[in-house]
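The values are calculated or read from the model by the stated rules, or taken from the named source; none is laboratory data. A quick note: this is a predicted structure, and the numbers were derived from the prediction, not measured. Ideal geometry is used to build each Cβ from the backbone, glycine not excepted, and the neighbour counts take in all protein chains shown. Just so you know, the surface numbers come from the protein's heavy atoms only, side chains and all, with ligands and any DNA or RNA stripped out. Shrake-Rupley method; radii C 1.70, N 1.55, O 1.52, S 1.80 Å.
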Amino acid sequence: MAPVPTPPAQPADKPESYVGLDAAAAERQAGARGWSTVRALPPGTVITMEFVSGRINFEVEAGTVTRCWVG
């Protein structure tokens, strides 16, 4: 039986620290902190729920991050 792969480590970062930031500043900060993929979405966007290691997601309303989650 093949071993179960170990996913790469996520950046040591707190998603809640992005809430309230300007979307452009949040994206720059996420890139600087090591996130390989930054995804900004408007509220209510329909998305799939697959987990992608190294991805941080922002819900952005009126240019401000209102919610943030990993994966």
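Laid out as a table, the results:
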item	result
Single residue of the range 1-21 satisfying the filter (of a type in the set (A, V, I, L, M) and modelled with pLDDT under 90) that is most open to solvent (accessible area, probe 1.4 Å)	MET1
Within the range 22-51, considering residues that are under 19 Å from ALA9 (Cα atoms) and polar (S, T, N, Q), the one most open to solvent (accessible area, probe 1.4 Å)	SER36
Check on GLY63, open to solvent by less than 50 Å² (accessible area, probe 1.4 Å) and either of a type in the set (Lys, Arg) or under 13 Å from the mean Cα position of the chain (by Cα) (or both)	no
Test for ALA25: is it without any contact (Cβ under 8 Å) to a residue 40 or more places away in the chain, in a loop (DSSP other than H, G, I, E, B) and more than 13 Å from the chain's Cα centre (by Cα)	no
Residue match in the range 33-55 (condition: touching a residue at least 12 places away in the same chain (Cβ under 8 Å), in contact with a Pro (Cβ under 7 Å, 6 or more places away or on another chain) and aliphatic (A, V, I, L, M))	no
